[in-house]
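Asker: This is the structure I want to talk about, given as structure tokens.
No lab work stands behind these numbers, since they all come straight from the coordinates. Computed from a predicted model, the values in this text were never measured in an experiment. In this analysis, Cβ positions are derived from the backbone assuming ideal geometry, glycine residues included, and neighbour counts consider all displayed protein chains.
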Amino acid sequence: MTAAVVDPGDVFPSRERAAELRTLSHEGGMGRHKWADRRLLDRVAAPAVPLLLDRGDEVLEGGRANLFAVRDGALFTPADDGRILPGIARAGAIAAAREAGIEVNEKRLTRTDLLTAEEVFLTGSVRGVEPAGTLDGEPLPPATALSERVAAGLRRRWRTGRLAAAGS
């Protein structure tokens with residue numbers, strides 16, 4: 001185990017600190033209980049963030065966060081089907097989006113879906129909402145007002161102690 005100081009600029013980071021995603025295939029995902037053995041993730045050198053894919057190009061999650069894509073004013077995120085960590089920041093972001101009237105869809109996403117999305121961002125318990133800037137070196141679109149609304153809602157939930165989804 002390693003402990004490190006968190007740079008305040010990494011919490012709800014700006015576009016200038018957007019994540020560089022690098023795909024990494026791992027059939028079946030790494031499961032619901034974030035991994036005791038994280039050596040697989042070491043194949044992607046920092047500062048890039050591993051993006052786990054299953055069976056070809058199906059997107060699962062980031063090495064340190066869950067993933068969301070924006071299309072036509074709605075959020076899309078991989079389903080919580082046992083292959084991903086059902087992150088508390090993910091649950092909070094989904095709840096915040098729904099409270100803001102944003103449609104949320106849990107469904108299969110591909111690498112191509114991310115490259116053609118209006119925006120891609122990550123959610124995690126350290127960084128909150130983090131923009132994704134590139135995918136395997138290809139630029140992704142900049143943040144939109146939608147992710148800013150989700151980030152504001154997640155910040156409110158953190159400040160009030162309502163971390164997970166409403167009713168949970």
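Asker: In a solvent-free Debye calculation with one equal scatterer on each Cα, what is log10 I(q)/I(0) for the range 10-160 at q = 0.16, 0.20, 0.21, 0.22 Å⁻¹, listed in the order of the q values?
Answerer: Taking Cα atoms of the range 10-160 as identical point scatterers yields -0.79, -1.30, -1.45, -1.61.
Asker: With each pseudo-label sitting 7 Å past Cα toward Cβ, what's the residue 134-residue 72 distance in nm, one decimal?
Answerer: 3.2
Asker: Taking R0 as 30 Å, what's the FRET efficiency between residue 155 and residue 48 from their Cβ-Cβ distance, rounded to 0.05? Walk me through the numbers before you get to the answer.
Answerer: On the way: r = 26 Å, r/R0 = 0.87.
The computed FRET efficiency comes out at 0.70.
Asker: For the range 64-72, just list the computed ³J(HN,Hα) in residue order, Karplus coefficients 6.51, -1.76 and 1.60, θ = phi - 60°, integers in Hz, with x standing in for Gly and Pro.
Answerer: Each residue of the range 64-72 in turn: 10, 6, 8, 10, 10, 10, 10, 8, 6 Hz.
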